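The values are calculated or read from the model by the stated rules, or taken from the named source; none is laboratory data. These numbers come from a predicted model, not from an experiment. In this analysis, Cβ positions are derived from the backbone assuming ideal geometry, glycine residues included, and neighbour counts consider all displayed protein chains. In case anyone asks, the SASA skips ligands and DNA or RNA and just uses the protein heavy atoms, side chains included. Shrake-Rupley method; radii C 1.70, N 1.55, O 1.52, S 1.80 Å.
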Amino acid sequence: MLANFADASSLFFNINIFLAIAFGTILGLVFGALPGLTATMGIALLLPLTFGMDPVTGMGMLLGVYCGAISGGSIPAALLNIPGTPSSVATTLDAFPMARNGEPGRALGLCIVSSLIGGLISVVIFAFMSPVIAEVALKFSAIEYFALGLFGLTIIASVSDKSIIKGIIAGLIGVLISLIGIDSLTGVVRLTAGVPDLIGGVEFMPALIGLFALSQIISDATSVNPSNNVEARVRVSNAYPRFRETFRHWKIWSSSSLIGALVGAIPGAGGSIASFLAYDQAKRISKTPEKFGSGHNEGIISCESANNGMTGGALIPMMTLGIPGDASAAILMGGLLIHGLQPGPMLFESQANIAYGIIIAFLIANIFMFCFQSIGIKLFVRVLQVPRSYLLPFILVMCILGSYGISGTLGSAWVLLFFGVFGYFLNRYGFSCAPVVLGMILGYMVESNFRRGMTMHDGDWTVFFSRPISLGFILLSLISIGLPIYRQYRQGRERRAQAAQVKNSH
């Protein structure tokens, strides 16, 4: 394998490869930072430009877009509470509160270093563990996807702000929203209230932008509290990559990067699930779980390292099996096919120099992503120094354009408006938007795979407990539910014991 990397490195004596990767990375950062412009759209936009390039140069530019967009989503997530990409939703939970506390530079610094670490770990996993992980990912059927989704729903307790009850209610609302549209098994139209635009379901990106961006705009526009004007408290001097602070939490970024790579390798799982799972795991192993959600560095590190760990994981089934891990990987696979490369096990045998050259290009893309964000971090932070009266209308216009550009219909704008108002009232009455998003992501996944699994096995529900991977996720779900309950019971018992001691001492 090392000999293959040595042979592939000879392809990088051409400066055009580095220029192409750098251009792709910069464009990816822009697409990730603008609401509605995802990594998938950026890769699709640049795909025609790769026709005349050699395979490694063309794929390197597309991988630059991929890495840049996933990492760039943290910029608006931290500064404006707007997840630039779906995988950045969990980042808003701690990065934005830290920015609101007057430390946007520190929040972005943690995001940048965590993204680099997650990306580099995913490169190592992609290069040396692809066959093993791909073999495990192939064993996922409807049974395993149901169990994974069920485990994901138990994270609602972790991402709820203060009230678990309100978090569960918000999560159930998200699940209900995910069921709107045509039933994939029976073809029955459900929960559309007679609105034709809802037959295909609720568009996720406009709903996401509305819940976080538009609701925040409404909240800021209607607030009369001067302390909400962050621009008066922004310190640009502390805007730099936070290496020492990030490395100190090695358990967080190592486990989160691994979670990201493993979830990314499961076709259809996606970065949103990876970041939420990593956030939940970080909160469980943290010595200060009560600080999560208030601007805690461990929360930021876990989400961003998982996001970028997912990128390498998503490439594993694409390169080794010809099965893309997500929508972006599907377009990347199209880039391989355009250049006459057939993804699969033989790619590493018949055209090893190109296959390993793509891995090296992926490594360079992660390094460029870190360098460009480090250079621009002080500029990003200065966005918050723009008066809110100018900034909010600009963000509103970008949100509308981003939502409209997804489908090219006014229906997306109406979805944005509805969820913006809905998110505003959720926040006003103490509900978190994150459980709603989690329910929207996982609700349909759980429901459809449960029914599909039951249909495949003639209604035998015991199959969910007889397959090792499914059983493992179900046990993790029970533990995830039971531990908080037990912890709450033990804390209550300790408080009662202390009260009894105080009473007896008097």
For segment 431-445, does any single residue satisfy the condition of being under 13 Å from ILE82 (Cα atoms) and either out of contact with any helix residue (DSSP H, G or I) (no Cβ under 7 Å at 6 or more places or on another chain) or of a type in the set (Asp, Glu) (or both)? no
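Out of LEU46, LEU19, which single residue is open to solvent by less than 20 Å² (accessible area, probe 1.4 Å) and without any contact (Cβ under 8 Å) to a residue 40 or more places away in the chain?
So the residue among LEU46, LEU19 that is open to solvent by less than 20 Å² (accessible area, probe 1.4 Å) and without any contact (Cβ under 8 Å) to a residue 40 or more places away in the chain is LEU46.
Residue under question is GLY439, and the condition is that it be of a type outside the set (Ser, Thr, Tyr) and either at pLDDT 85 or above or part of a helix (DSSP H, G or I) (or both); does it hold?
yes
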Segment 20-85: helices (runs of 4 or more DSSP H) wholly inside it with 3 or more residues that are at pLDDT below 85 and more than 15 Å from ILE395 (Cα to Cα) are 39-46
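Checking the conditions here, which among ILE121, ILE164 is open to solvent by 40 Å² or more (accessible area, probe 1.4 Å) and either without any contact (Cβ under 8 Å) to a residue 40 or more places away in the chain or touching a Gly at 6+ places or on another chain (Cβ under 8 Å) (or both)?
When all the criteria are applied, what remains is ILE121.
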Can you find a residue in segment 197-210 that is over 30 Å from SER403 (Cβ atoms) and either modelled with pLDDT of 85 or more or of a type outside the set (Gly, Ala, Ser) (or both)? no
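Given the criteria within 15 Å of GLY119 (Cβ to Cβ), in a helix (DSSP H, G or I) and at pLDDT below 85, does ILE367 qualify?
No: the conditions fail for ILE367.
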In segment 381-390, anything at pLDDT 80 or above and either within 30 Å of ASP197 (Cβ to Cβ) or out of contact with any Pro (no Cβ under 8 Å at 6 or more places or on another chain) (or both) is listed as ARG382
Filter result (β-branched (Val, Ile, Thr) and within 21 Å of the chain's Cα centre (by Cα)) within segment 327-376: ILE331, ILE367
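Applying the selection to segment 399-410, what residues are touching a helix residue (DSSP H, G or I) at 6+ places or on another chain (Cβ under 9 Å) and surrounded by fewer than 19 Cβ atoms within 10 Å (Cβ to Cβ)?
Within segment 399-410, TYR404, GLY405, SER407, THR409, LEU410 meet the criteria.
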First in segment 74-95 and more than 20 Å from GLN385 (Cα to Cα), second anywhere and of a type in the set (Asp, Glu) and surrounded by fewer than 24 Cβ atoms within 10 Å (Cβ to Cβ), Cβ under 6 Å, 6 or more apart: none
Give the residue that is nearest to ARG242 (Cα to Cα), with candidates limited to residues of segment 289-322 that are over 20 Å from the mean Cα position of the chain (by Cα) and open to solvent by 10 Å² or more (accessible area, probe 1.4 Å). LYS291
Can you tell me which residue among SER480, SER448, SER470 is modelled with pLDDT under 85, surrounded by 11 or more Cβ atoms within 10 Å (Cβ to Cβ) and hydroxyl-bearing (Ser, Thr, Tyr)? SER480
Scan segment 320-349 residue by residue and report those that are farther than 16 Å from THR85 by Cα and touching a Phe, Trp or Tyr at 6+ places or on another chain (Cβ under 8 Å). THR320, LEU332, ILE338, PHE348
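Tally time: how many residues in segment 1-19 are more than 15 Å from PRO55 (Cβ to Cβ) and not in a helix (DSSP H, G or I)?
1
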Which of the residues belonging to segment 263-285 are crowded, with 22+ Cβ neighbours inside 10 Å and of a type in the set (A, V, I, L, M)? VAL263, ALA265, ILE266, ALA269, ILE273, ALA274, LEU277, ALA278, ALA282
Which residue pairs have Cβ atoms closer than 7 Å, lie 6 or more positions apart in sequence or on different chains, and pair a first residue in segment 429-442 that is touching a residue at least 40 places away in the same chain (Cβ under 8 Å) and at negative phi with a second residue that is open to solvent by 10 Å² or more (accessible area, probe 1.4 Å) and among the basic types (Lys, Arg)? PHE431/LYS166
Only one residue in PHE394, PHE370, PHE422 is touching a helix residue (DSSP H, G or I) at 6+ places or on another chain (Cβ under 6 Å) and open to solvent by 10 Å² or more (accessible area, probe 1.4 Å). Which one? PHE370
